[in-house]
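A quick write-up on the structure given underneath.
The values are calculated or read from the model by the stated rules, or taken from the named source; none is laboratory data. None of the values given here were measured: they were computed from a predicted structure. Positions of Cβ are generated from backbone atoms using ideal geometry, with glycine treated the same way; all protein chains shown enter the neighbour counts.
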Amino acid sequence: MAYVQLVEQYSPRIYGQALRLMQDPAEAEEILQETFLQVVRHIRRFRGDSQLATWLHRIATNQALMRLRRDRPADLALDDPDSNPIETILPAADWSQRPEAELLDREARAEMEKAIGGLPDTLRVVFLLRDVQGLSTAETATSLDLSTSAVKSRLMRARIRLRNDLSAYFAERTAGEDR
């Protein structure tokens, strides 16, 4: 009974995390299933040092990263914080005119998902856990077995890249609307 409640409570978040990491619904389903299989196999290892949600996210993240490493071994180096040097920071386009309307707009949402998907795995996983899933910096660090400073650095680089990518998109959109 407790297992069913656990699955019902955490499946949507774990599936969402897996989908964003894998970018494939079938792969995300497999990650979700494997995560809960690992929970059954290793529940005795959960010591309560972190929240249950953090432990589950770590299992799901590890499952996704193992699958990504298998498919793209050269792309993942979570322990190498300097593998993606900071890019030039471009001036941000003015998004302030209609932020709610833009975020609700399907095209803008698709562009946002595309930009997130275009991040290197080392940055995307930190961005998704921290900014999308809402884990704290410490929880994200624990989930990825990184230092908090590495999480902060990668999160900053991810945000800069997203800002650069999305600024170009929104500048183009606002220029088209001014015509």
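Consider region 20-64. How many of its residues are within 19 Å of the chain's Cα centre (by Cα) and buried (at least 17 other Cβ atoms within 10 Å of the Cβ)?
21
Conditions (1) at pLDDT 90 or above; (2) closer than 22 Å to I59 by Cβ, marked per residue:
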residue	(1), (2)
R109	no, no
M112	no, no
F127	yes, yes
D131	no, yes
E139	no, yes
S149	yes, no
S153	yes, no
M156	yes, no
R159	yes, no
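Residue-by-condition table, conditions (1) at pLDDT 75 or above; (2) part of a loop (DSSP other than H, G, I, E, B):
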position	(1), (2)
R20	yes, no
E27	yes, no
E34	yes, no
R41	yes, no
M66	yes, no
L78	no, yes
L103	no, no
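If you take the residues of region 104-153 that are over 24 Å from T54 (Cβ atoms) and more than 13 Å from the chain's Cα centre (by Cα), which of them is surrounded by the fewest Cβ atoms within 10 Å (Cβ to Cβ)?
So the residue we want is R106.
State yes or no: is E8 within 28 Å of P120 (Cβ to Cβ) and over 14 Å from the mean Cα position of the chain (by Cα)?
No; evaluated as a whole, the condition is false for this residue.
Considering only region 43-60, how many residues are at pLDDT below 85, assigned to a helix (DSSP H, G or I) and either in the same structural domain as D145 (by TED's automatic domain parsing) or not charged (D, E, K, R) (or both)?
Adding up the residues that qualify gives 6.
If you go through region 49-56 one residue at a time, do you hit one that is more than 19 Å from E113 (Cβ to Cβ) and among the small types (G, A, S)?
Checked against the condition, which is being more than 19 Å from E113 (Cβ to Cβ) and among the small types (G, A, S), region 49-56 yields at least one hit.
Looking only at region 132-166, filter to residues that are outside any loop (DSSP other than H, G, I, E, B) and among the charged types (D, E, K, R); which one of those is nearest to I14 (Cα to Cα)?
Ranking the qualifying residues of region 132-166, first place goes to E139.
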